[in-house]
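S.K.: My questions will all concern the structure given below.
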Amino acid sequence: MEQKHRPLGRPRQDKKAKPTKDVIIDVATMLFLTRGYQLVSIDDVAKECGVTKATIYYYYATKADLFTATMVQMMIRIQQRMAHILSAKTPLKERLLELAKAQLKATVDIDLKGFMKEAKISLSEEQLQQMKEVEDKLYAVLEEALTKAMADGEIPSSHPQLAAHAFLSILAVGNYKDTNQQPIIQDLDALAIQLVNLYWNGLNE
């Protein structure tokens, strides 16, 4: 019987194990977030995954392609988490607080603003557009919840898209560190409460 050969770089698949492509994405995300785009190589990802560089290149032609895929998947996971939190049958302010706590705890050790700025200079317009499209869907989840809250009279009517962007911008303030790398408020739950109160007061003025 003629044997079928795997394409160059394609890993052997263990049906019981996590798919290799998923492992690559998970490992690359961790490396990019902790080291930054410029300091991570395809070789680093391959070693951490326990595969060859050819395996990485089988799925992703360049480091920029791999980075784009990791960011798209990360934003999809954030979107799904947001949708889950916002779908709860609780007052909007409570849902926003849960969302703020989850977001702050997930990004406490990550300089997202600097991280993305460093990476963007190495990406193509097409890759940037891919990430922008997913990012827009992320905002849309929050916008939908705000629109419903306005329709139900829970909050005053305003521009839901602006309100969605404003909320996530306020959360970004929670990632600020001073010259000693200390946050504005040490306790993340207390920080989340302060930020949500600030936002909520602005919504209801």
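S.K.: Kindly state, to the nearest 0.05, the FRET efficiency for residue 165 paired with residue 57, given R0 = 41 Å and r defined as their beta-carbon distance. Walk me through the numbers on the way to the answer.
M.R.: Numbers: r = 37 Å, r/R0 = 0.91.
For residue 165 and residue 57, the calculated efficiency is 0.65.
S.K.: For residue 21 and residue 84, what does the FRET efficiency come to when R0 = 25 Å and r is the distance between their Cβ atoms, rounded to the nearest 0.05?
M.R.: Numbers: r = 24 Å, r/R0 = 0.97.
Calculated value: 0.55.
S.K.: Kindly identify region 109-190 as rounded, prolate or oblate by the Cα gyration tensor criterion: order the square roots of the eigenvalues as a ≥ b ≥ c, call it rounded if a/c is under 1.5, otherwise compare a/b with b/c, prolate if a/b is larger, else oblate. Mind dumping the intermediate values first?
M.R.: Details: a/c = 3.45, a/b = 1.20, b/c = 2.87.
Oblate, since a/c reaches 1.5 and b/c is not below a/b.
S.K.: If you don't mind, there's one more thing I want to ask. State the number of lysine pairs found in region 46-191 whose Cα atoms come within less than 19 Å, restricting to pairs 8 or more positions apart or on distinct chains.
M.R.: Count of close lysine pairs: 20.
S.K.: For every other residue with a beta carbon closer than 15 angstrom to the beta carbon of residue 124, add +1 if it is Lys or Arg and -1 if Asp or Glu, then tell me the sum.
M.R.: Around residue 124, the charge tally is -1.
S.K.: Also, I was wondering about something else. Considering Cα pairs under 8 angstrom that are at least six residues apart, work out the relative contact order of the chain and quote it in whole percent.
M.R.: Contact order relative to length: 20 percent.
S.K.: Something else now. In the chain, carbon and sulfur make up what percent of the accessible area (probe 1.4 Å)?
M.R.: 53 percent
S.K.: Now for a different question. For residue 38 and residue 154 in the same chain, what is the full-extension length gain: residue separation times 0.36 nm, less their Cα-Cα distance, in nm?
M.R.: On the way: separation 116, 0.36 × 116 = 41.76 nm, distance 4.57 nm.
Contour length minus Cα-Cα distance gives 37.2 nm.
S.K.: What accessible area per residue comes out for the chain, rounded to a whole number of Å², with a 1.4 Å probe?
M.R.: With the other protein chains kept in place, the chain gives 62 Å² per residue.
S.K.: Still on this structure, please answer the following. Stretch residue 176-residue 47 to full length: gain in nm at 0.36 nm per residue minus the Cα-Cα span? Working shown, then result.
M.R.: Values: separation 129, 0.36 × 129 = 46.44 nm, distance 3.29 nm.
Contour length minus Cα-Cα distance gives 43.2 nm.
S.K.: May I pose another question? Take the Cβ-Cβ distance between residue 64 and residue 189 as r, set R0 to 45 Å, and report the resulting FRET efficiency rounded to the nearest 0.05.
M.R.: The pair residue 64/residue 189 has a calculated efficiency of 0.75.
The values are calculated or read from the model by the stated rules, or taken from the named source; none is laboratory data. Fair warning: this is a prediction, and the values are worked out from it, not measured in the lab. Don't worry about glycine lacking a Cβ; one is built from the backbone with ideal geometry, like all the others, and counts go over all protein chains shown. Surface accessibility is based on the protein's heavy atoms, side chains included, excluding ligands, DNA and RNA. Shrake-Rupley method; radii C 1.70, N 1.55, O 1.52, S 1.80 Å.
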